[in-house]
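The values are calculated or read from the model by the stated rules, or taken from the named source; none is laboratory data. These numbers were taken from a predicted model, which means no experiment stands behind them. Here the Cβ is made from the backbone with ideal geometry for all residues, glycine too, and neighbour counts use every protein chain on show.
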Amino acid sequence: MSFDNVWAFVLTLGVLVVVHEYGHYRVAVACGVKVLRFSVGFGRVLWRRQAHPDATEFVVCLLPLGGYVRMLDEREEAVPSSQLSQAFNRKPLWQRAAIVFAGPLANLLLAVLLYAGAHWIGLDEPKALVGPPAAASAAERAGLRAGDWVRAWSHGGDEWRDVASLNDLRWQVVQAALHRQSVLLQVTDRDGRDSRTLTLDLSQIETREVDAAFAAKVGLGAPWREPVLGEVKAGGPAERAGLRRGDRVLLIDGAAVTDAQHVVDAIRASVREGRAKPVSLRVERAGQMLEIEVTPRIVQEGGKTFGRIDAVPGQAPVMVKVHHGVFEGLWKGVERTAEVSMMTLRMLGRMLIGEASLKNLSGPLTIADFAGQSVKLGVADFLGFLALVSVSLGVLNLLPLPMLDGGHLMYYIFEGVTGRPVSDAWLARLQRGGIVVLLMMMSVALFNDVARLLGLH
């Protein structure tokens, strides 16, 4: 793991933990509860500040994997009679519930602001020019072709919404798939001509298929890229065969090339049974047509064998700047936070009943990797990543599991309905069960992280 990934991961957790715990802290103080300690991290104290002996102690600890707010509570230690009115357990039920709920709520509110900030700054995203859809995919059956520009979408055809980017299109398709709805698409060629309406049928999609790779399965994977060669590595197969930077690939083994991905796939597939087969290319160079044969070198990565010619096989995808004004950006932040929250809950529910794969759970290694990548892409992308993790943290903490805020809220619902708190014996049993469930979830998430790093997922 690179240094960039590590510090981006620490920054991500630091921001989200501080906001989460500050939500608990701020509402506790407003309700008259004495807060003894506000901790970011666990373990050995690295930094400490306390204005006076009776004030809240603020600390930063060695392990930045969470935090906590410790409040005055008779269930944990003896409380002087003069401070009983400041004890958490002495507060009315609605105040205790508000204090617990404030942490997840703070994360969700932060996500709204982060998404809004990303929209205000503007995100560079691939234009909604689709690459070649996978064979037999929903996109291919709908009639999408490489280079098509998806301009708008609709569920019933009555109300159409513009497609801002390929990311926006993928998001809408994922939402429709989770509801098993079909999507109508208004499509033109990449120059804005030849308008037509297509139906992307998602009604038969199994919800277990909706995962991180779902867009590619549907046929909306990599964006369209011009099949024009970029950098050609000195001494590589491409240079030795006579290929040059700027060559436009028209045919490959006699088949018309519509997208750079076609070139990539053909070259990778040229290695069969451990041997590389020569690939015939027709390229256009300065108005001239050239026939060039190149034999890829054999590469082995992640247990797979494929061909490579040591040349960038296409131009970068066309990018668009997606940004919104102050109020529209704020509303977009609210919408995206609500959509991600609901999708997270649906995915968790489907994983619980076996309709979605447990491979969708991610742990600290995957978060660190994405954190590092988003930092390199720019401020707006990092804000969007922070918002996504903040939503996940808020939603996960509201799950009705002991040890989480949602578990405590369930206790309070029981108390509100029955008029008596959960007994100490049952609390102990539920806490032990909650620890087991959380450890299982963490183990699965960490296993998925390692499997992704090893190329097994």
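What to note about this one:
- When D162, D124, D168 are checked against the criterion of being surrounded by fewer than 23 Cβ atoms within 10 Å (Cβ to Cβ) and at pLDDT 90 or above, a single residue qualifies: D162.
- Of all the criteria given as (1) modelled with pLDDT of 90 or more; (2) outside any helix (DSSP H, G or I); (3) in contact with a Lys or Arg (Cβ under 6 Å, 6 or more places away or on another chain), the one not satisfied by N89 is (2).
- Of all residues making up segment 404-450, the number that are at pLDDT 90 or above, of a type in the set (F, W, Y) and out of contact with any helix residue (DSSP H, G or I) (no Cβ under 6 Å at 6 or more places or on another chain): 2
- A215 vs. criteria buried (at least 18 other Cβ atoms within 10 Å of the Cβ) and either aliphatic (A, V, I, L, M) or in the same structural domain as S137 (by TED's automatic domain parsing) (or both): yes
- A single member of E284, E291 is within 24 Å of D148 (Cβ to Cβ), in contact with a Lys or Arg (Cβ under 6 Å, 6 or more places away or on another chain), surrounded by fewer than 19 Cβ atoms within 10 Å (Cβ to Cβ) and charged (D, E, K, R), and it is E284.
- When residues in segment 227-256 are screened for being of a type in the set (A, V, I, L, M, F, W, C), more than 32 Å from the chain's Cα centre (by Cα) and surrounded by 14 or more Cβ atoms within 10 Å (Cβ to Cβ), 8 of them pass.
- Qualifying residue in segment 37-59 (condition: in contact with a helix residue (DSSP H, G or I) (Cβ under 8 Å, 6 or more places away or on another chain) and basic (K, R)): no
- When G143, G131 are checked against the criterion of being in contact (Cβ under 8 Å) with a residue 12 or more places away in the chain and crowded, with 19+ Cβ neighbours inside 10 Å, G131 stands alone in meeting it.
- Scanning segment 278-313 for residues that are more than 23 Å from P132 (Cα to Cα), in contact with a strand residue (DSSP E or B) (Cβ under 9 Å, 6 or more places away or on another chain), touching a residue at least 24 places away in the same chain (Cβ under 8 Å) and in a loop (DSSP other than H, G, I, E, B) returns a single hit, T295.
- Test: W149 is modelled with pLDDT of 90 or more, in contact with a His (Cβ under 8 Å, 6 or more places away or on another chain) and buried (at least 18 other Cβ atoms within 10 Å of the Cβ): no
- Taken together, the criteria place F9 among residues that are among the aromatic types (F, W, Y), within 30 Å of K376 (Cβ to Cβ) and buried (at least 19 other Cβ atoms within 10 Å of the Cβ).
- Of all residues in segment 1-41, those satisfying the criterion of being of a type in the set (F, W, Y) and within 29 Å of L84 (Cβ to Cβ) are Y22, Y25, F38.
- Of the residues contained in segment 96-112, none is found to be exposed (fewer than 13 other Cβ atoms within 10 Å of the Cβ) and farther than 19 Å from F58 by Cβ.
- Matching residues in segment 47-66 - criterion: being at pLDDT 90 or above, surrounded by 13 or more Cβ atoms within 10 Å (Cβ to Cβ) and assigned to a strand (DSSP E or B): E57, F58, V59, V60, C61
- Here A30 clears all of (1) under 18 Å from A106 (Cβ atoms); (2) buried (at least 16 other Cβ atoms within 10 Å of the Cβ) except the condition numbered (2).
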